[in-house]
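Here the structure is laid out as structure tokens; the discussion comes afterwards.
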Amino acid sequence: MVAKPRILVVDDEPVVRESIYDWFSQGDYPIEMAADGPEAMRKLQESSWDILLTDVKMPGMDGLELQQKAKEVDPDITVIVMTAYASVDSAMKAIQEGAYDYVTKPLDPDDLEQIINRAAERRQLVRENLELKQRIEAIRGETEKKLHPGELSLADVEKRHIQNVLVQVSGDISKAANVLQIDEATLDAMLRKYGLADSQG
């Protein structure tokens with residue numbers, strides 16, 4: 001289950017931002033509003049947000065500039081831009097610069113919620129993928145540490161381990177299999193695999 005994303009709505013029109021606030025707060029989404037770019041930047045610096053939903057056309061700092069500055073604060077933030085039909089070109093430019101999607105005014109609450117939920121699912125998948133990669137790298141790093149010295153492969157380590165056990169049990173295959181916790185047939189196959197069978201006479 002994807003957690004409901006934290007949404008920051010930025011629009012210079014009070015009716016628009018308050019309508020969005022009402023829609024999503026009724027759905028129990030964590031949501032706050034900002035009337036312009038500078039106020040949005042203060043909120044972005046004070047707290048962590050999943051979604052930045054911003055109008056493209058705003059006085060002073062427009063949506064494109066806000067997107068750029070927001071990405072500097074949090075490169076992982078998902079930006080969705082709002083625009084009138086006449087300004088779709090600006091929305092496309094925002095997407096080229098890294099926005100996730102755009103919506104046109106007048107807004108459809110259901111469509112907007114679907115886009116936001118898809119964006120939240122994508123964010124979670126990206127995070128899970130990153131965490132998985134980090135775990136794999138950590139495991140690989142630990143394995144490489146254990147394989148030193150000489151950058152040994154796992155096969156080399158296994159071969160050396162079998163050789164050490166054989167020395168400890170004076171070449172007794174039955175005892176070696178017992179120490180290795182495998183049956184004698186498996187040990188025999190491994191000895192052949194690593195060219196150790198001949199040395200056991």
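Inside the range 172-194, residues that are modelled with pLDDT under 85 and exposed (fewer than 14 other Cβ atoms within 10 Å of the Cβ) make up a count of 1.
Here is a yes/no grid of residues against (1) part of a loop (DSSP other than H, G, I, E, B); (2) under 22 Å from the mean Cα position of the chain (by Cα); (3) in contact (Cβ under 8 Å) with a residue 60 or more places away in the chain:
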| position | (1), (2), (3) |
| --- | --- |
| Leu8 | no, yes, no |
| Phe24 | no, no, yes |
| Leu44 | no, yes, no |
| Thr54 | no, no, no |
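Quick one: in the range 5-43, of everything that is among the small types (Gly, Ala, Ser) and either touching a Ser or Thr at 6+ places or on another chain (Cβ under 6 Å) or crowded, with 19+ Cβ neighbours inside 10 Å (or both), which residue is nearest to Thr78 (Cα to Cα)? Within the range 5-43, the match that is nearest to Thr78 (Cα to Cα) is Ala40.
For Glu72, the conditions (1) touching a residue at least 24 places away in the same chain (Cβ under 8 Å); (2) within 18 Å of Asp36 (Cβ to Cβ) are fulfilled apart from (1).
Does the range 49-59 include one or more residues that are over 23 Å from Ala3 (Cβ atoms) and β-branched (Val, Ile, Thr)? Yes, there is a match, as at least one residue in the range 49-59 is over 23 Å from Ala3 (Cβ atoms) and β-branched (Val, Ile, Thr). Candidates are the residues of the range 96-130 that are touching a helix residue (DSSP H, G or I) at 6+ places or on another chain (Cβ under 9 Å) and in a helix (DSSP H, G or I); the one that is farthest from Ile51 (Cα to Cα) is Pro109. Within the range 68-86, if we keep just the residues that are part of a loop (DSSP other than H, G, I, E, B) and acidic (Asp, Glu), the residue that is farthest from Ser47 (Cα to Cα) turns out to be Asp76. You will find that of Val88, Val15, Val2, the residue that is outside the structural domain of Arg123 (by TED's automatic domain parsing) and out of contact with any Gly (no Cβ under 9 Å at 6 or more places or on another chain) is Val2 and no other.
Number of residues in the range 66-91 that are exposed (fewer than 14 other Cβ atoms within 10 Å of the Cβ) and of a type outside the set (Phe, Trp, Tyr): the value is 7.
The values are calculated or read from the model by the stated rules, or taken from the named source; none is laboratory data. Just so it is clear, the model here is predicted, and its values are computed rather than measured. Don't worry about glycine lacking a Cβ; one is built from the backbone with ideal geometry, like all the others, and counts go over all protein chains shown.
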